[in-house]
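Note sheet for the following structure.
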Amino acid sequence: MRTYVLHPHLTGTQQRRTPELALAEAVSLTEALPELKLVGSAVIPVPKTRPGTLFGSGKVDELASVCAEDEVDLVIIDGPVSPVQQRNLERAWKVKILDRTGLILEIFGDRAQTREGVLQVDLAHLSYQKTRLVRSWTHLERQRGGLGFVGGPGETQIEADRRALDERIQQIRRALAKVVKTRGLHRAGRKKVPFPVVALVGYTNAGKSTLFNQITGASAVAEDMLFATLDPTMRGITLPGGQRIILSDTVGFISDLPTQLVAAFRATLEEVLDADLILHVRDIAHPETEAQAADVGAILTELGVTDTRQDAMVEVLNKIDLLDDEALKAVTRRAGRTAPQIAVSALTGAGVPELLQLIEDTLEEPTHTDQLSLAFSDGRARAWLFDQKVVQSEAQTEDGFQISVEWTDTQQSRFEALRQKQV
């Protein structure tokens, strides 16, 4: 499908991002869908938005000529487009119009693999369609002069469509509730074997999946493409000091993430809420890395990750292989935060051993010393203590072993649970 991308630049307002980079991101989003063929893109200055067409009449006519000359089938407008604006522009340009929210929903629909991911995308799509359907029909009713107490033309269709959407939304929510319950049981199961959970978060295409693969040796999808990861992936790994953790790779965030998607994926992103440590992976080579970090922080806040937890997370400054020494020093100074930081290259592996050590140091619990008496028959418990490297000294007695251990509360709880199983 021949596609043209437009970024409306509101010239009278202060924008956090430059219009050229915003357009580049919209183009990358478009290229994430293989069936779309990009034939052109442009930043369109908009001094004042028009309620009916978004752009002024002269610009609408100019873009109509561009669409005709380039045989465009689809125009993607990188921003919100009302149903009325969409209808009028489609008529004027004789193409299909997709706004930013619709585009992101299409990408998510194309990428969802698991049953939960598919259900969440379907729910987001239907919520989006329902809002636009109602608004569109309401506008048509006003145009046709329908009276509320009589019922104007199309009212039966409005109600039928609304009812069909509501029924489908309820079906998906019931199905999702079962999946969420299963995920909750899995999460509860992991807590019984208390391995800390470390969650990777960050702006889309920041390199989370590449870092995940570098650390775990897994083969999660890692491409130079926005939203390469949609369904969360989890792997168990052992840190240098022997501690076991679960590493979770999550969907990438993006500026102006549709509210429907934030709501739909809340259950999946609960892995972030429950994580013992959050690694905020940043593309430090990107010219708008600070703005991207601010967007991630805003979405984490919306999900319920408090400022206290955000201050405690580790910032992973990724893609240092794309910077020379001077540029790296400059960006790390600018990227200064209260959170611990470490610079890495997920592609080459530079800095990854130091990152693993930082994770271990951050997760490290305070220890205390205890004296244990074990019978000769408690061989399994004794072997577990040595395997955990908590034994400080051991003396053999007539009845068994006197063992001095230095361990954490978590290790003590796991040892006591092991002893109870043996009884």
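Nothing in this text is a laboratory measurement; each read-out follows from the coordinates by a stated rule. Predicted model only: the values in this text are computed from it and were never measured. Heads up, the Cβs are rebuilt from the backbone with ideal geometry, glycines too, and the neighbour counts pull from every protein chain shown.
Results, tabulated for the structure shown:
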| quantity | calculated |
| --- | --- |
| Set of lysines near residue 37 by C-alpha distance (under 28 Å), chain-local residues within fewer than 8 positions excluded | 59, 94, 96, 208 |
| Sorted by Cβ neighbour density within 10 Å, fewest at the top, the residues 249, 378 | 378, 249 |
| Additional length obtainable on full extension of the chain from residue 377 to residue 274, 0.36 nm per residue less Cα span | 33.2 nm |
| Peptides ranked, highest mean first, by Cβ atoms within 10 Å: ranges 196-206, 18-28 | 196-206, 18-28 |
| Cα gyration tensor, region 367-422 - rounded (a/c under 1.5), prolate or oblate | oblate |
| Sequence of 313, 1 once ranked by neighbouring C-beta atoms within 10 Å, starting from the fewest | 1, 313 |
| Partners for residue 421 among aspartates and glutamates (Cα-Cα distance below 14 Å; same-chain residues under 8 apart left out) | 378 |
| Whichever aspartates and glutamates have a C-alpha closer than 17 Å to that of residue 319, once near sequence neighbours (fewer than 8 apart) are set aside | 223, 224, 283, 288, 290, 354 |
| Cα-projected label distance for residue 15 with residue 417, points at 7 Å along beta-carbon direction, nm | 5.3 |
| Relative exposure of 248, 41, judged by other C-beta atoms within 10 Å (fewest first) | 41, 248 |
| Using θ = phi - 60° and Karplus 6.51 cos²θ - 1.76 cosθ + 1.60, couplings along region 118-131 (whole Hz; Gly, Pro as x) | 5, 5, 5, 5, 4, 4, 5, 4, 5, 4, 5, 5, 4, 4 |
| Sparse-neighbourhood loop sites, trypsin sites (Lys or Arg not before Pro) in region 1-51 - DSSP loop, at most 12 other Cβ within 10 angstrom | 16, 48 |
